[in-house]
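Chemist: Take a look at this one; I'll ask things after.
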Amino acid sequence: MSLLALPFFTEETNFSGVIYATDPTLQLGRSFPNVPASDPREWRPFYSREQMENCLAKVQRVSFREPINIHGAATVAAYSSGYSIGSCNWIVRTEHEKIGYLSATSSRNSHTKPVQWDQLRGCDALILTSICRFPEHSPETSVCHAFAVIADTLKRNGSVLMPICPTGVLYDLLEVISMQLDQHDVPVDVPVYFISPVAESTLAYSNIYAEWLSEKKQNMVNIPEEPFKHGLTTRNGRLKVYDNIYGDFCRQMRTPCVIFTGHPSLRIGNAVHFLEIFRQKTSVLDPDYPIQNVYGPYEKLSIRAFFFPIETRLDFSQLNPSILPDLAPKLLVMPEVYTQPPPNSSQRTDFVVAYNARATFRYGDTFTIPSTTKTKRVRLHPDTLRTIELHGHRDHSDIGLSSLKGVLSVYDNILELNPDTGTKIRNVCVGKLHPEIFAQTLGKMNLKFSQDEIDGNIRFTFDTLNATVCIKNGGFRTVISSPNRENRHLLSKAIAICLKIL
């Protein structure tokens, strides 16, 4: 459902880039423009259907492990994060660096393809985001408590409202709800309703995206058998799917019942309607929307409200002892709040990310990841390579040096040295300049000079040229000083005669 926010970034903001997303993310997101349609708090449109379609037209689909070249500057690739169908982490590679982006990730067994850790190891920088918000609650315990409350409410002839997004953890809940209700001795004729404009499509997509599922689910497809049990639950009559709360649903609804519908914010969607009519019933809320943040307008209603955070994202007990030491990034980049215990567990000092090589940022900050290298890779044109002649470097014959002449071309962040056929470039000279040989050369060129020594350096003074030549570092450095360009050029030619051309 986070795809719902995408048009706010791309439409009416002069955005002209490309968006990369996996196919399930795009296809499931394409169905979501039907909800929500407006914001009741301000009574203004979210955006039009046309704007959403324009936004999705900018999305380029990618597969797991598929390298995408970004204008020659970097290569990005997506890897399964194990959190939901199509969710992924990203690896950004430049010539010398590897940067990982760790988004919502789960290492727990579920219906999705397992998280792919291999490429996240040894990153120069690893950006850590979207970790567990309620580390004190395990998802297994939350599920057990939730179904215990559901069963107790149904036995009391009450109904249960589950405000939830139409993808993600919903698939796991629908997978086990029938079995859990049977174990709690709930009558088999108690219906479970799934109401959403995209209910049919999300259930259908969950069955056809076999390559994005866990190995166990993929094997069920090969049998062949439906990877999820919600199809069987629908056929035996317990699960009933509707796209709205009107028409057939109004005529066929029976209580007590369990209703899965949106939205978990309790501000939009059918959940608002059911809260008004379920005045004596129980409401169980989605974990991403804490009850203290969303339930305020309904506190006066006589509804028993429960909060069971089914949180499967990485928590501190997974990150600190095993995951971060295994990934071993050179630098961990994360929000500053991850270095402090959660407000609801301020005494739990173990609820922080402990990693030595780290950098933090705050909401709204622009953070620059420091580069680990200052070199660039340059391609050499074949014609440039033909002119290379290696010469020994001073007394080290095992080290070869050669000058390169050419024009540096920079296009799409690719640097290439091409041969230059039009510009005359002065030769590069190497070697030791001996004062005796230099003096002989000056005599042959009929240049009058005087010679003296200052601080161990040999200086040649040319009164007629208003110039000096100072030989330093035992003959390995020469400094020509003259206000006249022609005179400097003349003296440099004299020095070049005494040296070797590289």
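Chemist: Of all the residues that make up region 309-329, how many are free of Cβ contacts under 8 Å to residues at least 60 places away in the same chain and over 19 Å from the mean Cα position of the chain (by Cα)?
Modeler: Just the residues of region 309-329 that are free of Cβ contacts under 8 Å to residues at least 60 places away in the same chain, to begin with: 320-322, 324-325.
With the extra rule that they be over 19 Å from the mean Cα position of the chain (by Cα), the set shrinks to 320-322, 325.
So the answer is 4.
Chemist: List every residue pair whose Cβ atoms sit under 6 Å apart, with the two residues 6 or more apart in sequence or on different chains, where the first one lies in region 438-450 and is without any contact (Cβ under 8 Å) to a residue 40 or more places away in the chain and of a type outside the set (V, I, T) and the second, anywhere, is outside any helix (DSSP H, G or I) and surrounded by 12 or more Cβ atoms within 10 Å (Cβ to Cβ).
Modeler: F449/F460; F449/F462; S450/T461
Listed here are the residues, each with its yes/no results for (1) polar (S, T, N, Q); (2) in contact with a strand residue (DSSP E or B) (Cβ under 7 Å, 6 or more places away or on another chain).
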residue: T375; (1), (2): yes, no
residue: R379; (1), (2): no, yes
residue: H393; (1), (2): no, yes
residue: H434; (1), (2): no, no
residue: Q440; (1), (2): yes, no
residue: K444; (1), (2): no, no
residue: G456; (1), (2): no, no
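Chemist: Looking at this structure, is T233 modelled with pLDDT under 85, surrounded by 16 or more Cβ atoms within 10 Å (Cβ to Cβ), at negative phi and in contact with a Leu (Cβ under 6 Å, 6 or more places away or on another chain)?
Modeler: Values: modelled with pLDDT under 85: yes; surrounded by 16 or more Cβ atoms within 10 Å (Cβ to Cβ): yes; at negative phi: yes; in contact with a Leu (Cβ under 6 Å, 6 or more places away or on another chain): yes.
Against the criterion (modelled with pLDDT under 85, surrounded by 16 or more Cβ atoms within 10 Å (Cβ to Cβ), at negative phi and in contact with a Leu (Cβ under 6 Å, 6 or more places away or on another chain)), T233 qualifies.
Chemist: Sticking with this one: Testing E436 on (1) within 30 Å of K405 (Cα to Cα); (2) out of contact with any Gly (no Cβ under 7 Å at 6 or more places or on another chain); (3) not in a strand (DSSP E or B), one condition comes back false. Which one is that?
Modeler: (1)
Chemist: Would you mind finding the one in V92, V115, V160, V176 that is crowded, with 16+ Cβ neighbours inside 10 Å and outside the structural domain of A328 (by TED's automatic domain parsing)? Steps first, please.
Modeler: Values: V92 fails: outside the structural domain of A328 (by TED's automatic domain parsing); V115 fails: outside the structural domain of A328 (by TED's automatic domain parsing); V176 fails: crowded, with 16+ Cβ neighbours inside 10 Å.
Being crowded, with 16+ Cβ neighbours inside 10 Å and outside the structural domain of A328 (by TED's automatic domain parsing) holds for just one of V92, V115, V160, V176, which is V160.
Chemist: Which of the residues belonging to region 395-410 are of a type outside the set (G, A, S) and touching a residue at least 60 places away in the same chain (Cβ under 8 Å)? Let's see the steps before the verdict.
Modeler: From region 395-410, those of a type outside the set (G, A, S) are 395-396, 398-399, 401, 404-405, 407-408, 410; that's our starting set.
Scanning region 395-410 gives a single hit, L401.
Chemist: Go through region 98-117 and give me each residue that's at pLDDT 90 or above and either more than 17 Å from L327 (Cα to Cα) or among the charged types (D, E, K, R) (or both).
Modeler: Answer for region 98-117, where residues must be at pLDDT 90 or above and either more than 17 Å from L327 (Cα to Cα) or among the charged types (D, E, K, R) (or both): just K98.
Chemist: Then there is this: Which residue is nearest to T368 (Cα to Cα), if the candidates are limited to region 97-112 and must be surrounded by fewer than 20 Cβ atoms within 10 Å (Cβ to Cβ) and over 18 Å from the mean Cα position of the chain (by Cα)?
Modeler: Among residues in region 97-112 that are surrounded by fewer than 20 Cβ atoms within 10 Å (Cβ to Cβ) and over 18 Å from the mean Cα position of the chain (by Cα), the one nearest to T368 (Cα to Cα) is R108.
Chemist: If you don't mind, there's one more thing I want to ask. Mind counting the residues in region 482-491 that are surrounded by fewer than 15 Cβ atoms within 10 Å (Cβ to Cβ) and either within 55 Å of the chain's Cα centre (by Cα) or charged (D, E, K, R) (or both)? Show your work before the answer.
Modeler: At the first step, the residues of region 482-491 found to be surrounded by fewer than 15 Cβ atoms within 10 Å (Cβ to Cβ) are 483-486, 489.
So of that shortlist, the ones also either within 55 Å of the chain's Cα centre (by Cα) or charged (D, E, K, R) (or both) come out as 485-486.
Summing the residues that are surrounded by fewer than 15 Cβ atoms within 10 Å (Cβ to Cβ) and either within 55 Å of the chain's Cα centre (by Cα) or charged (D, E, K, R) (or both) in region 482-491 gives 2.
Chemist: Report the residue count in region 235-271 for those that are without any contact (Cβ under 8 Å) to a residue 24 or more places away in the chain and outside any loop (DSSP other than H, G, I, E, B).
Modeler: Of the residues in region 235-271, 5 are without any contact (Cβ under 8 Å) to a residue 24 or more places away in the chain and outside any loop (DSSP other than H, G, I, E, B).
The values are calculated or read from the model by the stated rules, or taken from the named source; none is laboratory data. Just so you know, these numbers come straight off a predicted model, no measurement behind them. Every residue, glycine among them, receives a Cβ derived from its backbone with ideal geometry; neighbour counts consider all protein chains shown.
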